[in-house]
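Laboratory data are not the source of any read-out in this text; all were calculated from the coordinates shown. All figures in this text were calculated on a predicted structure; none of them were measured in a lab. All Cβ positions, glycine included, derive from the backbone under ideal geometry; neighbour counts span all protein chains shown.
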Amino acid sequence: MSRFLVMTVLLLVGSTCLSAQEMALRDVLIDGEGWQMVAQGFTFTEGPAVDLQGNLYFTDVFGSKIHRINAQGKAEVFVDQSFGTNGLIFGPDGRLYGCQNGKKRIVAYDAAGESKTIAEDVQSNDLVVTRTGAIYFTDPENHQIWYISPQGEKRVVDRGLGYPNGLKLWADQGTLVVADMKTDHLFAFRVEADGSLKFKQPYYTLRLPPGKTESGADGMTIDSAGRIYVATQLGLQFFDPQGRLCGVINKPQNAWLSNAVFAGKDLDTLYVTCMNKVYKRKVKAQGIRYFDVSPGK
Amino acid sequence: MNNLGLAAGGARLRALGTAFMVLAAMSSLGRAADDYQLGPDSQRQADVPEGTVTQAKWTSKVFDGTERDYWVYVPKQYDKAKPACVMVFQDGGSYVDKSKDFRVPIVFDNLIHKQQMPVTIGIFINPGVIPPAKPEEKPRPNRSFEYDTPSPQYADFLLKEILPEVGKSYNLTKKPEERAICGISSGGICAWTVAWERPEAFRKVLSHVGSFTNIRGGHVYPSLIRKTERKPIRVFLQDGSGDLDNLHGNWPLANQEMASALKFAGYDYRFEYGDGGHNGKHGGSLLPDSLRWLWSDVPATPAAK
């Protein structure tokens, strides 16, 4: 009898779940929790990044400074002259890596805000640093994606996207996702052992504003369930690991939404950079840091 | 596809409770919702010759980098001197399984033997996966991309890769009305998309709990069908009132919209709407009837050459 019941249960469960887990807006958003302004008075905020303690850093690209939110919840200057640094991310060595486009270089800032040059003579917009310390960064003006090996050798690993902008790895780091602002797609690539990229595919299809052919897809972030979030003109669009659009989170204000990251001690507060202001909201989802995730997860 | 893991741990106790309730409901109310049984045409019958099923692997260029299994069923009655009809199945591993809801090889054996459908080679294809470069990394699942995207890419994959490959070993028809395509859920909308995009190649569609919802934009078909000159497609749709209602859409309403649009535009269609959920039980029990109807315009015994 008990075996029969277990079989019945297995059949019921197995036969009613043809589609993979649903990941709707209600699985991410908390009722009654809207956007709260965290800081304002900037020109163009970008590059939200989270350190090991869960603190938020961000850049003011045109103001040419890097800021962080201090323990009192106030913005303070971390780097006073950032030379137009755009994308930011913390690496496994605890340093803050940035796309210092005003000097055409990739840099890494230590805890005191002192920078070291990682690569020179490159244009860049956004970057990711892998668990092993390798770097991928986008070069929109030249329609290409660069790779810097852990040994510091740089090379172009993809050409041909209209305007490659934000980029993120899946948690296991076997797939790289790149936003092409000029299309309605995020492209997925397989990451090869030597850092090269293969099997480029328009895996995620973005919703477009009425009458537009360009999504304006900018920065991205990823959560522990494998959802990818991308800042677009319509709002923060998010996708499940099968590439299906699951929701569009409204922008906090009617201005350019540039990027997002999960921060806070438990990485369960979603921060977005939106033109002159930075906003946050508590969510049910939880972010990841690549250097926290062990291989195979 | 396989969610058996959900029954593990604490969920197993809750699921057992649910099973008790379901069983109690079934015994107190007579026929419960979604209680569909397989008929004799879905059971192995003595004296009916069995076709052969062979498994193979395919690495695609159309879906670059994807790998997948597929199976080819060849009926005993196949004669290499005569082009055989073709029927393609998405999620092929499930449709070809002789112990699951559809058990297509058994149904084909029975119907072909009774000359209730023509001699047909079945091609059962699993969705693609891009395997990771390193074993500790995750594969990129390609099922939703291949099945849910309303584009000609999956039809190209069949016509440029799979049919030519299977055609090396077997004499396959080139007539579009002798080519059918079938799928469940996202595989169902995929079947429709193949015929819609390439009616010169495929003209028979069988959809089980088809996802005519907005997973990747496929919810537009009812309106497209109404305002596009009719295409020569014969289509059988199955759905049930207990089907999904989620972030992508409402499956029962979407299938009713499809049926209504097909009727409006004058299509040769059938719609079977039951009380089942998002599974293959109703579609499986209907499979022999749906195949008889779908193939009824093709002679089961073509004139000898």
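Per DSSP H run of at least 4 residues, take -39500 (n - 2.57); add these up for the protein assembly as shown, divide by its residues and hand me the 222 nm value, nearest 500 deg cm²/dmol. If you can, show how the numbers build up before the last one.
Numbers: 11 runs with 112 residues, N = 602.
Calculated at 222 nm, the ellipticity per residue is -5500 deg cm²/dmol.
Tell me which GluC sites (Glu not before Pro) from the range B:139-210 have a DSSP coil assignment and no more than 16 other beta carbons within 10 Å of their own. Please list the in-between numbers first.
Details: sites: B:146, B:161, B:165, B:177, B:178, B:197, B:200; in loops: B:200.
Within the range B:139-210, the qualifying GluC sites (Glu not before Pro) (loop, at most 16 other Cβ atoms within 10 Å) are B:200.
Just to confirm a number: summing +1 for Lys and Arg and -1 for Asp and Glu over residues other than residue A:175 whose beta-carbon lies under 10 angstrom from that of residue A:175, what do you get? Each step should come with its number before you reach the end.
Working: positive: A:168, A:190, B:138, B:140; negative: A:172, B:137.
So the surrounding residues net to +2.
Label chain B by shape, choosing from rounded, prolate and oblate, from the square roots a ≥ b ≥ c of the eigenvalues of the Cα gyration tensor; if a/c is under 1.5 it is rounded, and otherwise prolate applies when a/b is larger than b/c, oblate when it is not. Write down the numbers at each step before the final one.
Details: a/c = 1.28, a/b = 1.21, b/c = 1.05.
Cα axes put chain B in the rounded bin.
Compute for the range B:67-199: radius of gyration divided by Kirkwood radius, i.e. Rg/Rh, restricted to C-alpha atoms, rounded to two decimals. Write down the numbers at each step before the final one.
Details: Rg = 15.3 Å, Rh = 15.5 Å.
So for the range B:67-199, dividing Rg by the Kirkwood Rh gives 0.99.
Would you list A:169, A:270 from fewest to most Cβ contacts within 10 Å? Walk me through the numbers before you get to the answer.
Values: A:169 21, A:270 27.
Placing the least packed residue first, the sequence is A:169, A:270.
Show me the three semi-axes of the equivalent ellipsoid for the range A:24-282, from the C-alpha gyration tensor (sqrt of 5 times each eigenvalue), largest first, rounded to whole Å. Let's see the in-between values first.
Numbers: eigenvalues 116, 108, 57 Å².
Here the semi-axes work out to 24, 23, 17 Å.
Taking each residue of A:239-245 in turn, how many C-beta atoms of other protein chains fall within 10 Å of its C-beta, and what is the average?
Taking the mean over all residues of the peptide, I get 6.
May I ask for the angle, rounded to the nearest 10°, between helix A:2-16 and the longest principal axis of chain A, with both axes built from Cα atoms and the value confined to 0 to 90°?
Once rounded, the angle reads 50 degrees.
Can you tell me the order of A:259-269, B:75-85 when each peptide is scored by its average per-residue count of other Cβ atoms within 10 angstrom, highest first? Kindly include the intermediate steps, with their values, before the conclusion.
Working: A:259-269: 20.7, B:75-85: 16.7.
Result, highest mean Cβ count within 10 Å first: A:259-269, B:75-85.
Mean Kyte-Doolittle of at least -1.0 plus a Cα span of 24 Å or more along the axis: flag which DSSP H helices in chain B meet both, please.
On the way: long enough: B:10-29 (29 Å, 1.15).
Counting only whole DSSP H runs, the qualifying helices are B:10-29.
Mind pulling up the Rg/Rh value for the range B:232-305? Radius of gyration and Kirkwood radius, both on Cα. Walk me through the numbers on the way to the answer.
On the way: Rg = 14.8 Å, Rh = 13.8 Å.
We get a ratio of 1.08 for the range B:232-305.
Taking a ≥ b ≥ c as the square roots of the eigenvalues of the Cα gyration tensor of the range A:169-239, is the shape rounded (a/c under 1.5), prolate (a/b larger than b/c) or oblate? Mind showing how you got there, number by number?
Values: a/c = 2.87, a/b = 1.63, b/c = 1.76.
Oblate shape, in that a/c is at least 1.5 and b/c is the bigger or equal ratio.
Pull out a ≥ b ≥ c, the square roots of the eigenvalues of the alpha-carbon gyration tensor of the range A:161-297, then state rounded if a/c is under 1.5, prolate if not and a/b is larger than b/c, and oblate in the remaining case. Before the final figure, lay out the partial values.
Numbers: a/c = 1.90, a/b = 1.11, b/c = 1.72.
Because a/c hits 1.5 or more and a/b fails to exceed b/c, the range A:161-297 counts as oblate.
Give the span of the range A:251-297's Cα atoms along each principal axis, as three whole-Å numbers ordered largest to smallest.
40, 18, 14
For a bin width of 20 Å, list the pair-distance distribution of the protein assembly as shown built from all Cα-Cα distances, rounded to whole %.
That works out to 19, 45, 28, 7, 0, in percent per bin.
Nothing charged except the Cβ atoms of Lys and Arg (+1) and of Asp and Glu (-1): what's the magnitude of the dipole of chain A about its Cα centre? Round to the nearest 20 debye.
I would put it at about 400 debye.
Measure up A:104/B:138; B:76/B:174; A:103/A:168; B:100/B:134; B:76/B:175 against 26 Å on the Cα-Cα distance and list the ones that go over. Mind showing how you got there, number by number?
Values: A:104/B:138 34 Å; B:76/B:174 21 Å; A:103/A:168 24 Å; B:100/B:134 33 Å; B:76/B:175 22 Å.
The pairs that break the limit, which is 26 Å between Cα atoms, are A:104/B:138; B:100/B:134.
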